[in-house]
Structure formats: C-alpha cells, structure tokens
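Here is the structure we will look at, set down as structure tokens.
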Amino acid sequence: MNQNPLITLNQFIADEQSKFPKVNGNLSSIFRNLQLAAKMINRDVRKAGLVDILGNFGETNVQGEEQKKLDVISNEIFMRLMDLSGNCVCVVSEEDEDIHWCPGGENAKYILAIDPLDGSSNIDVNASIGSIFSIYKRLSPDKPVTKEDILQAGIHQVAAGYIIYGTATMFVYTTGNGVFGFTLDDSIQEFCLSHPNIMIPEMGSIFSVNEGNLKEFPAGVQAYVDYCKGNDKAEKRPYSARYIGSLIADFHRNLLKGGIYMYPPTEKAPNGKLRLLYECNPMSFLVEQAGGKSHTGKHRVMEVTPEQFHQRVPIFIGSSRMVDQVLDMMNKDA
Ligand code: AHG
Ligand code: MN
Ligand code: MN
C-alpha cells in the first residue's frame, strides 16, 4: 500500500496560509471555489462525448472566434462560483467583452482573469484541454475598481494556475512560492498533491510551435526552428516536435519534461495569437516559479503593462536555456 501522505488541495492551502501571510483567508475561499468550478467543468468535459454539448454554440467571441458550447458553459460556471465566493470584485474573461461584476463584491480585494476553456478546438477530437486563471489584488481597496486595477502587469499577479482535463485532471498553481500540482482522485472528488514543487528542466529536447506558419515567422525564429531540427548528438538534436494546439497541454508536457513553446509574431498576426491577461501572464508566472523563462522576444512577458483586456503578445516560454537560445537568434537577426 502506498504510504505517501494524502494531502488534498484544501489542506495544502490551509497549511500554506499559516506559513505565508500573502496567502490569506480571502484568497483561500477563491481557491475553494476555483476547485469547485474545476470539478464542475471536468464533469461536463467528461460527458461531452455522451450528450449533445459538442459543436458550435452559434456565437462568436469578442475576437471573432467561434465559441464552442463548452466554452460558454465553462465561462458561466466560473462566473457563478466567483459570485458565490464573496471575495472577488470582478472577473474578466477571454469569452466576454465586458467586465463581469460579482454581485455584493464591491469591497472584495481580488480580481480574476480567466480563459475558461483553452484549446477548445480539441474538444471534438478528444484531446486535452484546460482552464487558466490569474488573480490580482485591486490597487486601492477604498476606491472603486477602474480599468487600471485590471490592467496590471503580470509581475503583480498574486496567484495563477490551470486545470488540465487530460488523461487525468490536474490542478496546477502558484502563489509565488513554487509550483504545485494536484491530481483529481475521481473516487473521492478531491485534488490530491501529486507533483510537489515542480521545476522545469533548464534544458529540454522538445519544441512546440505551429510550424505551418513557419514562413511567416521572423528570420531569427525560422533559424531557431531549423536549429532544433539540425543534427548534433552532443546537444541531443534534432529535438522532438510536439504540438497539440492546446496551450495547456503543450505547456504542461514541456513543464514536466523540459521544452519550449512558441507563438511567434507572424505577418498576419504581429502580436501572435495568445492573450496577455488570460494565457501568457498566468503561464509566465508558473514557468518562472518553476525556474523557466517567458519572453515576448522584446520584453519579459510579466513586465508588459497591458493596455487592453484582450491584448495579445508573442510568446517564447519554457526551459530557460532554450528560451535564451531563441532570443539570441532573434537578436542576431535584429
Ligand atoms: P482557445 O481555445 O482558448 O481559443 O485557445 C487556443 C490557443 C491555444 O490553446 C493554442 O496553443 C493555440 O490557440 C493554437 O493556435 P494555432 O491553431 O494557431 O496553432
Ligand atoms: Mn486559450
Ligand atoms: Mn478559450
């Protein structure tokens, strides 16, 4: 019988709370409700193949992309659970143009940014998808929340994480004291500590990028992709190409195994595709806490002050030496 102690996410957060004053009681209640949202979305994702919730909802989101039904459902679940938490003043979401104000949360301290369902084009083909969250503290508790409270640089995040609905469901998060992963035990419906203090290898041998866009990448990025595919036994090249098209799935694998994920600028999309608030900042906080790096090619991602809720930035994220390599090649080309 496995003798490892069973530590649930709730227990872990309670223990952290006593060690780190930053993780106060209010944040814990948000985490409790994030977990509940994760379990509810997990339930819906798992039965998506059985009931008619697959397919397009018939609406497009604010960025003109098709929304799947599960996107809408997941968005609603997060909103409902944050309304109930009582500690969240508002939520901004990839799926909504406007700010969602939590009723009765006027005096609450925290702001949540979410990508309620990431990788949704993979729902129909039964590949891993996930939810991403990022938490900020409002700037001034005694004044009404303004756009500036929401448009804070990523370095001001108090917590960030994701839930991956993969072969198993996992909740991975950081509050700035390392990265911890919890796997959902279906039989007791609890997230249990399975990956304490995750560190990303300094160097990996996986590169993840949509190579279909290769010809549109800046020359330095093209040179790096070429380098990844080159032969060098000592450097373990060629690296392996792995790209699911679901940021969470690609990121999660690279976090555990070592690797780099890239969404470079292209001619058509000079700022790449991924959103700063909902995708890039939370993943950057996690990767840095795990010892890795995240960069736009011009700046550390978490130092970019957002100007718009739905702003996009190019991203190079993963094992620190791999991110340095691509940045070097981009600089040489500049
Ligand atoms: P979302 O499903 O939230 O819209 O995000 C999709 C994102 C991300 O998950 C993924 O890495 C990327 O889009 C893939 O884009 P390409 O298909 O352009 O490679
Ligand atoms: Mn996404
Ligand atoms: Mn999404």
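FYI, it's all coordinate maths here, none of it is from the lab. Bear in mind that the values here come from a model prediction, so they are computed numbers and not experimental data. Every residue, glycine among them, receives a Cβ derived from its backbone with ideal geometry; neighbour counts consider all protein chains shown.
Which whole-number percent gives the relative contact order of region 9-195, counting Cα pairs below 8 Å spaced six or more residues apart?
Numbers: 321 pairs, mean separation 26.8, N = 187.
It comes to 14 percent, rounded to a whole number.
For a test of the definition: using alpha carbon positions, the gyration tensor, and the 1.5 limit on a/c, classify region 95-254 as rounded, prolate or oblate. Please report the intermediate quantities before stating the final value.
Numbers: a/c = 2.01, a/b = 1.59, b/c = 1.27.
Prolate shape, in that a/c is at least 1.5 and a/b is the bigger ratio.
Would you work out which of S205, T60, Y173 lies farthest towards the positive end of the dipole of the chain, given +1 charges on the beta-carbon of Lys and Arg and -1 on that of Asp and Glu, about the Cα centre?
Sorting the options by dipole projection puts first S205.
Once amide H atoms are placed 1.01 Å from N in the peptide plane, what residues at a sequence separation of 5 or more from S194, or on another chain, have their amide H within under 5 Å of its amide H?
G181, F182, T183
May I ask you to evaluate 6.51 cos²θ - 1.76 cosθ + 1.60, the Karplus curve with θ = phi - 60°, for each residue of region 303-318 and list the ³J(HN,Hα) values in order in whole Hz, giving x for glycine and proline?
9, 7, 7, x, 9, 9, 4, 9, 4, 10, 9, x, 9, 10, 9, x
About the Cα centre of the chain, how large is the charge dipole given +1 on each Lys and Arg Cβ and -1 on each Asp and Glu Cβ? Please answer in debye to the nearest 20. Working shown, then result.
On the way: 32 positive and 40 negative charges, 169 e Å.
Its charge dipole is roughly 820 debye.
Quick one: net charge around N331, please, counting Lys, Arg +1 and Asp, Glu -1 for every other residue with C-beta under 12 Å from its C-beta. It would help to have the intermediate numbers written out before the result.
Values: positive: K298, K332; negative: D324, D328, D333.
That works out to -1.
Once you have the Cα-Cα distance between H156 and E216, take 0.36 nm times their residue separation minus that, and quote the gain in nm to one decimal. Mind dumping the intermediate values first?
Working: separation 60, 0.36 × 60 = 21.60 nm, distance 3.30 nm.
Full-extension gain reported as 18.3 nm.
Hey, can you grab everything whose amide H is under 5 Å from the amide H of T169? Only 5+ residues off in sequence or another chain; H modelled, so Pro and N-termini drop out.
L184
Going through the DSSP H helices of the chain, which span 30 Å or more along their own axis at the Cα atoms while scoring at least -1.0 as a mean Kyte-Doolittle hydropathy?
Working: long enough: 25-46 (31 Å, -0.18).
The answer, listed by residue number, is 25-46.
Quick query: amide H of L274 versus all other amide H atoms, modeled in the peptide plane; which residues come in under 5 Å with a sequence gap of 5 or more or a different chain?
V313
Using only C-alpha atoms and all pairs of different ones, pull out the Kirkwood radius for the chain in Å with one decimal.
Working: mean 1/r = 0.0493 Å⁻¹.
For the chain, inverting the mean 1/r across all distinct Cα pairs yields 20.3 Å.
What's the magnitude of the charge dipole for region 206-333 around its Cα centre, counting Lys and Arg as +1 and Asp and Glu as -1 at the beta-carbon? Answer in Debye, nearest 20. Could the numbers behind the result be given before it?
Numbers: 17 positive and 14 negative charges, 61 e Å.
Here region 206-333 has a charge dipole of around 300 debye.
For a quick check: sort F12, F217, F285 by the number of other beta carbons within 10 angstrom, fewest at the front. Show your work: numbers first, answer last.
Details: F12 18, F217 22, F285 28.
By the 10 Å Cβ count, ascending: F12, F217, F285.
What order do you get for L193, L286 when you list them from fewest to most C-beta neighbours inside 10 Å?
L193, L286
Pull out the extension gain between D185 and N126, defined as 0.36 nm times the separation in residues minus the alpha carbon to alpha carbon distance; nm, one decimal. It would help to have the intermediate numbers written out before the result.
Values: separation 59, 0.36 × 59 = 21.24 nm, distance 2.04 nm.
Using 0.36 nm per residue and subtracting the Cα-Cα distance, I get 19.2 nm.
For region 151-163, in order, what is each residue's ³J(HN,Hα) by Karplus, 6.51 cos²θ - 1.76 cosθ + 1.60 with θ = phi - 60°, in whole Hz (x at glycine and Pro)?
Each residue's phi maps through the Karplus curve to give 8, 9, 5, x, 5, 8, 5, 8, 7, 7, x, 8, 10 Hz.
To check my understanding: the extent here is largest minus smallest coordinate of the Cα atoms along each principal axis. What are those three numbers for region 9-195, in Å, largest first?
46, 37, 27
Could you give the distance between the Cα centres of region 164-197 and region 92-162, to the whole Å?
Measuring centre to centre over Cα atoms gives 20 Å.
Run the reach check for K109 against aspartates and glutamates, Cα to Cα strictly under 15 Å, same-chain hits fewer than 8 apart removed. What comes back?
The qualifying aspartates and glutamates are D83, D142, E148, D149.
Going by how many other beta carbons lie within 10 Å of each one, how would you line up I164, I150, fewest first?
I150, I164
Taking 0.36 nm per residue of separation and subtracting the Cα-Cα distance, what length does fully extending R237 through H195 add?
Values: separation 42, 0.36 × 42 = 15.12 nm, distance 2.84 nm.
My answer for the length gained is 12.3 nm.
Provide the per-residue ³J(HN,Hα) series for region 205-217, in order, calculated from phi with Karplus coefficients 6.51, -1.76, 1.60 and θ = phi - 60°, each as a whole number of Hz, with x at glycine and proline positions.
So the J values, rounded to whole Hz, are 9, 10, 10, 10, 7, 7, 5, x, 8, 3, 5, 8, 6.
Which pairs break 23 Å Cα to Cα here: K19/K147; K69/K273; K137/K257; K39/K69; K293/K332; K273/K298? Please list the in-between numbers first.
Working: K19/K147 32 Å; K69/K273 21 Å; K137/K257 32 Å; K39/K69 17 Å; K293/K332 19 Å; K273/K298 16 Å.
Listed pairs above 23 Å: K19/K147; K137/K257.
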